[in-house]
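Student: Take this structure first; my questions come after.
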Amino acid sequence: MGVAPEVPLGCSGKTIPAIGLGTVADPRVDAETTKAAVHEAIKAGYRHFDTAFAYGSEQPLGEAIAEALSLGLVKSRDEFFITTKLWCTFAERDQIVSAIKMSLKNLQLDYIDMYLIHLPLRLTQQITKTPVPKEAIKPLDIESVWEAMEECQNLGLTKGIGVSNFSCKMLAHLLSFAKIPPAVNQVELNPFWRQKKLREFCKEKGIHITAYSPLGANGTRWGDNRIVGCDVLNEIAKAKGKTTAQVSLRWVYEQGASMIPKSFNKERMRQNLDIFDWCLTEEESHKINQLPQRKGSTLTSIFGPHDFLLEIEAELEQDSEA
Ligand SMILES: NC(=O)C1=CN([C@@H]2O[C@H](COP(=O)(O)OP(=O)(O)OC[C@H]3O[C@@H](n4cnc5c(N)ncnc54)[C@H](OP(=O)(O)O)[C@@H]3O)[C@@H](O)[C@H]2O)C=CC1
Ligand SMILES: O=C[C@H](O)[C@@H](O)[C@@H](O)[C@H](O)C(=O)O
C-alpha cells in the first residue's frame, strides 16, 4: 500500500486512504500533464485518486494506473482507491449504469472504489457556456437516482457509493429510504470552512467525509490564498517547522476526514503526504477553530445566480455554522 494511513469508512468495516490526489487542474492542462502528475504521485506513494467524468481526467488517470501496473510500480489494482463521480447530465434513473460504464472504460478499470453523485442537481444539457440557462437546472429525483446507484454497487461496478455536496437535510432524506446508505459525502472542508454541523451529523450516521479544496484551492478560479497566506496558520507552521499547507491538511486529518489535495508539482505533492507523524496541540487547534468562515467554491459561481442554486447554497452554508 501507499504511504498514507487508512481511515475507517464510517461503520462499514472498510477503510479509505487518508489522503488522495485531486485531479482537477485550473487552468485545465492536457492529458499528458495529468498522466505525468499521476505517475509522479504513484511514485511518491499516493494510491487514492479523485476524479470525475466532468473533469476530463478519467482517461489520463486510467492510463497512468495501467502503466504503473504494467511497470510493476504497483503490484495489483486492489492497492488503488479510485473515486469518480456521476455528472449531472446523467443523473437520471435509466442513464446511471451506462454512465458508470463509461467512466470504467475511461479509467480502464473493472470496478470503481467509490462512485459519488457529483452535485445535488440534474442538468438537462451539457454545459457549453456559463451561466447555464435556468431551465437546464433541475432538482434531482434522488429516490430513483439512488436506486440506480445501488444497482451499480449490486452489479459489482463499484465497491461503494456516496454523494458530494450534500447537506445534512439532503442526507437525512436519503437515509430515510436508502437500502445501501451513502458511504461518503465529499465536501469542501478546511480551516476556513469547518463544516461543524455536517461533521457531527455524518459521524452520528456513519457517513465518512472526504475533504475537497483542503488547501482552499490556492491558485484556482474557485479558490484563493486564504489558507496558504493565513497568518495564524503560518505562525503555527513556523513553530513546528512545517508549511501552512501542511498545517491545514493536518487539521483536516485530525477531524477524521480523508482529503484529496491537488498538486501536480513533484515537491508539493510529496510535502502534502508528510503530515502523519506529528500533531497539532490543543491550543493550535483552538486557534484554527476561531478562524472566520468563508466558503470557496459555490454553485452559483459555477452555473449562474439562479434561485434554486441559491436555496441549495443557503442549506449547505447552515452546515458550517459554529
Ligand atoms: N466534489 C466536488 O464538487 C469537488 C471536488 N474537488 C476535488 O478535490 C480536489 C482538490 O481540491 P481543489 O479545489 O483542487 O483545491 P486544493 O485545496 O487541493 O488546492 C489545489 C491548489 O493548491 C496548490 N497546492 C497544492 N499543494 C500545495 C502546497 N503544499 N502549498 C501551496 N500550494 C499548494 C495547487 O497547485 P500545484 O498543483 O501547483 O501544487 C493547486 O493550485 C480537486 O482536484 C478535485 O479532485 C474539488 C472541488 C469540488
Ligand atoms: O463543469 C463544471 C465543473 O466540472 C465543476 O462542477 C467541477 O469542476 C467542480 O467544481 C469540482 O471540481 O468538482
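Student: What are the pairs, 6+ residues apart or on separate chains, where a residue within segment 252-278 that is surrounded by fewer than 16 Cβ atoms within 10 Å (Cβ to Cβ) has its Cβ under 6 Å from a residue that is not in a loop (DSSP other than H, G, I, E, B) and not hydroxyl-bearing (Ser, Thr, Tyr)?
Tutor: LYS266/GLU40
Student: Can you tell me which residues in segment 210-256 are closer than 23 Å to LEU299 by Cβ and away from ligand 2 (no atom under 16 Å from the Cβ)?
Tutor: Passing the criteria: ASN225, ARG226, ILE227, VAL252.
Student: Could you grab the pairs with beta carbons closer than 8 Å, sequence gap of 6+ or different chains, first residue in segment 234-246 and of a type in the set (Ser, Thr, Tyr), second one near ligand 1 (Cβ under 8 Å from one of its atoms) and in a helix (DSSP H, G or I)?
Tutor: THR243/GLN271
Student: Hey, among ALA257, ALA245, which residue is over 15 Å from GLY45 (Cβ atoms), within 10 Å of ligand 1 (Cβ to nearest atom), among the hydrophobic types (A, V, I, L, M, F, W, C) and modelled with pLDDT of 95 or more?
Tutor: Unique residue meeting the criteria: ALA245.
Student: Here's a follow-up. If you check LEU86, LEU121, LEU109, which single one turns out to be within 16 Å of ligand 2 (Cβ to nearest atom), in contact with a Lys or Arg (Cβ under 9 Å, 6 or more places away or on another chain) and modelled with pLDDT of 95 or more?
Tutor: LEU121
Student: If LYS295 satisfies every condition in (1) away from ligand 2 (no atom under 16 Å from the Cβ); (2) of a type in the set (Lys, Arg); (3) in contact (Cβ under 8 Å) with a residue 60 or more places away in the chain but one, which is the exception?
Tutor: If we test LYS295 against (1) away from ligand 2 (no atom under 16 Å from the Cβ); (2) of a type in the set (Lys, Arg); (3) in contact (Cβ under 8 Å) with a residue 60 or more places away in the chain, just (1) comes out false.
Student: From the list GLU317, GLU311, which residue is assigned to a helix (DSSP H, G or I), closer than 14 Å to VAL187 by Cα and not small (Gly, Ala, Ser)?
Tutor: On the way: GLU311 fails: closer than 14 Å to VAL187 by Cα.
On inspection, the qualifying residue turns out to be GLU317.
The values are calculated or read from the model by the stated rules, or taken from the named source; none is laboratory data. Note that the structure is predicted; figures quoted are calculated from it, not measured. FYI the Cβ positions are ideal-geometry reconstructions off the backbone, even for glycines, and counts take in every protein chain you see.
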